Protein chains: 2
Amino acid sequence: MIQESTFTYRPIGILNSPYSRRIDAPHQSTVVAGTETGDVALATLELEDWLDEKVLQDLSGFQRLWLIFAFHRSEGWKSSVKPPRGGPKRGILATRSPHRPNSLGLSAVELVKIEGRTLHLRAVDLLDGTPVLDIKPYVPYADAFPDSKAGWIDELDAKLGRYFAPGPRKPR
Amino acid sequence: MIQESTFTYRPIGILNSPYSRRIDAPHQSTVVAGTETGDVALATLELEDWLDEKVLQDLSGFQRLWLIFAFHRSEGWKSSVKPPRGGPKRGILATRSPHRPNSLGLSAVELVKIEGRTLHLRAVDLLDGTPVLDIKPYVPYADAFPDSKAGWIDELDAKLGRYFAPGPRKPR
């Protein structure tokens, strides 16, 4: 039997966000309709000690950043899940659910400002304490495909209204 | 001293692509100007044995997928790098360079079709043999921000022409 290679990553920062429980967090960072306040959540991300502040240079001109993070509260994975927006079970890789084979998360958050080793972020759908593994600049020519067809999600949106998603509860 | 938590992931598939060397691969999947053929590269991704084919269900309606992958050829990281498109050194997290603290990559590729456990992909900028850690559906409302400001990249584009990036060499 061949030893499978695995890849190990160490958090570059831990997120401080107003969402302490999974039920409180919005299902995508851009969805805020349905919050009690309607506010877009503010969050901060502090660079871990093992990293030189220099890694953040030139990042402040970007309006959005990708965060790749660990869904640290996810326990195990499933081949298919029932998405919160309704409908039948879907193959796990056709969803953004945390219960994935490798529970990695991806979120495009707004960068408000950087102060020293602290990033101030907006439009964050991540839980407090989320370990962030990578930050990348959001670059429209590589990342933005507004007309990209989105399979079962488009179908549900056509029925239920575009951007429909269960609203987040009150941030705490 | 507190034991830092780390996160370990096992590839869900290995990519077969026409780019066998780093110098051959385009720097972003959407950039093909500069290839000898001008063709958009085709690639395949085969699901690893430890995963049930069911994980792919409902994925075929999506036009684009996110691949989160390991830059497996990257050796070590740097606080700042000189980007291929020119200009001074930039903080590593303000670039998409492989030489990052956690060498994770992110690419929005086109899904051509799924046959059994094999995904046929287009517009792929990844090297042959790249270990893929996660596949997510591309969902415009969460992922597409065509007007998002892109700091130093916008500045260089204003000087050098939009979408400028070093062209890939001939796929092999």
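Throughout, read-outs are computed from the coordinates displayed, never taken from laboratory work. It should be emphasised that the depicted structure is a prediction, and the values quoted were computed from it without experimental measurement. Neighbour counts are summed over all protein chains in view; Cβ atoms, including those assigned to glycine, are modelled from backbone coordinates with ideal geometry.
Sorted from closest to farthest, the other copies place their A:GLY86 label points 5.3 nm away, with each point set 7 Å from Cα along Cα→Cβ. Exposure proxy ranking for B:PHE69, A:PHE145, based on other Cβ atoms within 10 angstrom of each Cβ and starting from the fewest, stands as A:PHE145, B:PHE69. Here B:PRO146 yields copy-to-copy label distances, from shortest upward, of 0.4 nm, the label point defined as 7 Å from Cα along Cα to C-beta. Just list whichever of A:LYS89/B:LYS136; A:LYS159/B:LYS54; A:LYS136/B:LYS78 have alpha carbons separated by over 19 Å in the model shown. From the list (A:LYS89/B:LYS136; A:LYS159/B:LYS54; A:LYS136/B:LYS78), the Cα-Cα distance tops 19 Å for A:LYS159/B:LYS54. From the square roots a ≥ b ≥ c of the eigenvalues of the alpha-carbon gyration tensor of segment B:43-139, which class results: rounded (a/c under 1.5), prolate (a/b over b/c), or oblate? In terms of gyration-tensor shape, prolate.
Between B:LYS113 and A:ALA158, the simple label model (points 7 Å from Cα in the Cβ direction) yields a spacing of 2.2 nm.
For A:LEU160, the label point sits 7 Å beyond Cα toward Cβ; its separations from the matching points on the remaining copies run 4.3 nm, from shortest to longest.
Placing a pseudo-label 7 Å from each Cα along the Cα-to-Cβ vector at B:SER5 and A:SER60 gives an inter-label distance of 3.2 nm. Over segment B:59-110, the Kirkwood radius and the radius of gyration, each from Cα atoms, give a ratio Rg/Rh of 1.09.
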